[in-house]
Structures are given as C-alpha cells and as structure tokens.
Amino acid sequence: MTTIDETLRVPVTLTVNGVAHTRTVEPRRLLSDFLRHDLRLTGTHVGCEHGVCGACTVLVDGDPMRSCLMFAVSAQGHEITTTEGLGTQEDMGPVQQAFVECHGLQCGFCTPGFITTITAFIEENPDPTEAEAREAISGNLCRCTGYQNICKAVLRAAEIRRQGATEGGDVP
C-alpha cells in the first residue's frame, strides 16, 4: 500500500497582480486558498468549492479560471489577476465602475467572480450585445440580484472601456 507524505511541501512562485510571490506549500494547496490564506488577497471568494458558482474566478493569463479547481503549483509560470489587481476603490477599473453605476451588486459575495469574468469578456468582445452579455455571465451565480443590473453593468463596462480607449487612456 502506498502512503502519502502529509508533510511534503514544495516551493511555488506565482505572479499575482504583477508581483512575484514565493511560498512553500502542500502540493494539493488550491489556488483559492493560496490567494486568500497565503497572500491575504481576500477579494477572491470561495462559494461552492466545486467550480459551479464562479465566486472564486480569477484571471490566469487573461482567461477566467475557477481558483477552487486549480492547484497553486499548477499556476506557477502564469500571470494571475485577482479582483484586487483590476482596480481600487479610489481608482476603479471599468467593470468595477460599471457595477457601482448600474447597482450590479447587493450582498457582494459573487461580485469579484463576476468582475474578473466580465473583464476577460469585454477584452475579447469590446462591443457586446445584451444576449452576448447574458451568455458571458451565465457561468456565474448570484442569489440576490436577478442578473438584470449585472447585465447592464456588462454593457456599461464595455462602453466605459471603449471610451477610455478612444480617449487614449490606459484601460485595464
């Protein structure tokens, strides 16, 4: 019978929000736990722990990924962006600004996952239709809003992003 060494730890270096972080972790450490507990980036929320709800979505090389389904060691060599890397309260990114303007949140638990998902979506589709916006957010769950204002926020975020690009601004 094979036994597993529960004390095994491996070094991992991850670039998160543009900053390299090196830690020693258990090989089975989830990226969501690494972000929240090791780096203290608590904007990434853990809801279902099965990859269904989307609350833990982060960007891996610009693509939305469920951090509860990915090991931290698997993220080595990739650029990880969390909601904290997309703007601050003083300097909001287009999606964050749109969520505020369109009242796209109530309790806010699901919001970080929506923000990262929508950021990737409008990067690929800068002028979405309402149907495309609804499809883009269909993998994220919200128990409070009914999605109407979130959908409005997607369209508004795309508009803000286009305006920033037209004005020559640096758009995240």
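Count, please, the residues in the range 122-139 that happen to be part of a helix (DSSP H, G or I) and either of a type in the set (D, E, K, R) or touching a helix residue (DSSP H, G or I) at 6+ places or on another chain (Cβ under 6 Å) (or both).
9
Go through the range 38-51 and count every residue that is more than 10 Å from T82 (Cα to Cα) and in a loop (DSSP other than H, G, I, E, B).
Adding up the residues that qualify gives 9.
State all residues of the range 132-150 that are closer than 19 Å to E101 by Cβ and of a type in the set (G, A, S); if no residue qualifies, say none.
Of everything in the range 132-150, those that are closer than 19 Å to E101 by Cβ and of a type in the set (G, A, S) turn out to be A133, A136, G146.
Determine whether the range 80-95 contains at least one residue that is at pLDDT below 95 and of a type in the set (A, V, I, L, M).
Among the residues of the range 80-95, at least one is at pLDDT below 95 and of a type in the set (A, V, I, L, M), which makes the answer yes.
Quick check on my filter: what residues within the range 69-87 are under 23 Å from P27 (Cβ atoms) and touching a Gly at 6+ places or on another chain (Cβ under 6 Å)?
Answer for the range 69-87, where residues must be under 23 Å from P27 (Cβ atoms) and touching a Gly at 6+ places or on another chain (Cβ under 6 Å): L69, T82.
Of all residues in the range 60-79 being in a loop (DSSP other than H, G, I, E, B) and over 12 Å from the mean Cα position of the chain (by Cα), which is surrounded by the fewest Cβ atoms within 10 Å (Cβ to Cβ)?
G77
Could you check, for the range 13-25, whether at least one of its residues is out of contact with any Gly (no Cβ under 8 Å at 6 or more places or on another chain) and in a loop (DSSP other than H, G, I, E, B)?
no
Looking only at the range 28-37, count every residue that is farther than 19 Å from L86 by Cβ and free of Cβ contacts under 8 Å to residues at least 24 places away in the same chain and tell me the total.
Number of matching residues: 1.
Consider only pairs whose beta carbons are under 9 Å apart and that are at least six residues apart or on different chains; among these, list those whose first residue lies in the range 82-99 and is without any contact (Cβ under 8 Å) to a residue 12 or more places away in the chain and whose second residue is surrounded by fewer than 17 Cβ atoms within 10 Å (Cβ to Cβ).
Qualifying pairs under 9 Å: M92/V100.
Yes or no, residue by residue, for (1) farther than 24 Å from I137 by Cα; (2) surrounded by 19 or more Cβ atoms within 10 Å (Cβ to Cβ); (3) in the same structural domain as Y147 (by TED's automatic domain parsing):
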position	(1), (2), (3)
T15	yes, no, no
G18	yes, no, no
T22	yes, no, no
R29	yes, yes, no
R36	no, yes, no
E49	no, no, no
V58	no, yes, no
T81	no, yes, no
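The values are calculated or read from the model by the stated rules, or taken from the named source; none is laboratory data. This one's a predicted model, so the numbers in the text were calculated from it and none came from an experiment. Methodologically, a virtual Cβ is constructed for each residue, glycine included, from the backbone with ideal geometry; neighbour enumeration extends over all protein chains shown.
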